[in-house]
Amino acid sequence: MASEEEYSVEKILDKRIRNGEVEYFLKWEGYSEDDNTWEPARNVNCYDLIAEYERNNPNRPAGNEIPADILRSCRRIEIRDDSEEEEYAIEKILDRRVRSGVTEYYIKWKGYSESDNTWEPECNLNCPEMIQQFERQRNQRPRRR
């Protein structure tokens, strides 16, 4: 079985929508500018860099084509194919982890089964009170040794 080499993104340089799908123009760590490529958002797993790019470039193209795991927040709107709006909300924060320096929370979504729980970067969440409550409860738990 051949193993796939993993590449690290150094910086997101641009964004576009191609065939209804969001793509990011990436500068790859350790590679020259000639090796920059357009990649579909669904393949870009560096949420901290995406969030930074989106904050710094609010006037770039946007759309619901960005994967839900990148865009989810405590209350978000998702446009379905039938053009009806459906609202989602956090029921509970279940856990916390840090991956590549990015704090992520494991979210239970209201009205969805546990199989729909997802890890969400903190920068995508707009529920500071819920995060503070989770952290207070987490800090009160006895530490494992």
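The values are calculated or read from the model by the stated rules, or taken from the named source; none is laboratory data. The model shown is predicted, which means the values in this text are computed figures rather than measured ones. Every residue, glycine among them, receives a Cβ derived from its backbone with ideal geometry; neighbour counts consider all protein chains shown.
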Could you please let me know if TYR31 is surrounded by 13 or more Cβ atoms within 10 Å (Cβ to Cβ), at pLDDT 80 or above, in a loop (DSSP other than H, G, I, E, B) and among the aromatic types (Phe, Trp, Tyr)?
yes
Filtered residues of region 100-116 (kept if in contact (Cβ under 8 Å) with a residue 12 or more places away in the chain, charged (D, E, K, R) and over 23 Å from GLU129 (Cβ atoms)):
none
Under 7 Å by Cβ, and 6 or more places apart or on different chains, what pairs join a residue from region 19-47 that is over 23 Å from THR103 (Cα atoms) with one that is modelled with pLDDT under 80?
GLY20/GLU65; GLU21/GLU65; VAL22/GLY63; VAL22/GLU65; VAL22/ILE66; PRO40/GLU21
Which one is farthest from the chain's Cα centre (by Cα), of the residues in region 94-144 that are of a type in the set (A, V, I, L, M, F, W, C) and in a strand (DSSP E or B)?
LEU94
Run down SER83, SER115 and say which single residue is out of contact with any helix residue (DSSP H, G or I) (no Cβ under 8 Å at 6 or more places or on another chain), among the small types (Gly, Ala, Ser) and modelled with pLDDT under 85.
SER83
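Residues are listed down the side, and each one gets a yes or a no for (1) at pLDDT below 75; (2) surrounded by 14 or more Cβ atoms within 10 Å (Cβ to Cβ):
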residue: GLU10; (1), (2): no, yes
residue: LEU49; (1), (2): no, yes
residue: ILE79; (1), (2): yes, no
residue: ARG96; (1), (2): no, yes
residue: TYR106; (1), (2): no, yes
residue: GLY111; (1), (2): no, no
Identify all residues within region 97-111 that are at negative phi and not aliphatic (A, V, I, L, M); write none if there are none.
ARG97, ARG99, THR103, GLU104, TYR105, TYR106, LYS108, TRP109, LYS110
